[in-house]
Amino acid sequence: MPHLNPSHAPLAPPGADLADIEIRPAMPADTEGVSRLLARSYRALLAPDYDPALLRDVLPLIGQANPRLLNCGTYFVAEQGERILAAGGWTDVTPHGRPGQPGVGHIRHVATDPDIARRGIGARLMARVLRSAAAAGMDDLRCQSTLTAAPFYESLGFTSLGRIDVRFPTGALFPAIQMRRVSG
């Protein structure tokens with residue numbers, strides 16, 4: 001039986017050329033595509049590192065696009081044709097909405113489609129995110145990484161500051177790693 005992808009858009013098979021991927025700022029019209037990406041990515045890629053009951057509790061919350069991010073101008077999507085393959089960005093406010101400190105940016109809601117994970121698309125997206133943050137004077141970037149993504153962020157120059165628990169409105173505690181990347 002062929003694999004059906006929920007966007008009905010063609011997906012590059014393994015080994016296919018991914019050079020035609022465009023990375024651009026996200027827009028409100030991307031809400032459905034980003035939500036679909038987040039849900040697919042987190043469900044598949046976080047499963048080896050998190051308890052299934054915890055994922056059932058938090059996936060409805062983390063698997064939805066944040067309208068503020070889609071409107072901020074510093075959140076990006078990587079797309080091929082009409083399919084969003086990766087998304088992520090940065091803001092100068094904390095993930096909890098508090099005002100940030102001058103020069104400190106926060107990496108936000110980064111995800112890659114599990115069908116093309118570990119093929120360089122996330123790194124290309126993050127290169128754009130890092131250039132955008134640097135151009136805005138953000139020389140200190142913070143990230144609340146999933147346990148799964150910590151090696152990816154380390155490959156981009158982030159260092160671990162230690163494990164944390166992110167508390168969700170449901171009361172769930174989600175293990176994560178506080179990370180930091182300082183430039184210059």
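The values are calculated or read from the model by the stated rules, or taken from the named source; none is laboratory data. Everything numeric here is computed off the predicted structure, so don't read it as measured data. Cβ placement follows ideal geometry from the backbone for every residue including glycine, while neighbour counts extend to all protein chains displayed. The protein model used for the area step is the full one, side chains on, heavy atoms only, and it has no ligands, DNA or RNA in it. Shrake-Rupley method; radii C 1.70, N 1.55, O 1.52, S 1.80 Å.
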Looking at (1) within 22 Å of ALA47 (Cβ to Cβ); (2) touching a Phe, Trp or Tyr at 6+ places or on another chain (Cβ under 7 Å); (3) open to solvent by 40 Å² or more (accessible area, probe 1.4 Å), find the lone condition where ARG180 falls short. (1)
Filter the range 101-129 down to the residues that are within 13 Å of the chain's Cα centre (by Cα) and assigned to a loop (DSSP other than H, G, I, E, B), then identify the one that is modelled with the highest pLDDT. ASP113
Given the criteria open to solvent by 40 Å² or more (accessible area, probe 1.4 Å), among the small types (Gly, Ala, Ser) and assigned to a loop (DSSP other than H, G, I, E, B), does ALA19 qualify? yes
Just to be sure I understand, how many residues within the range 130-168 are assigned to a loop (DSSP other than H, G, I, E, B), polar (S, T, N, Q) and open to solvent by less than 30 Å² (accessible area, probe 1.4 Å)? 0
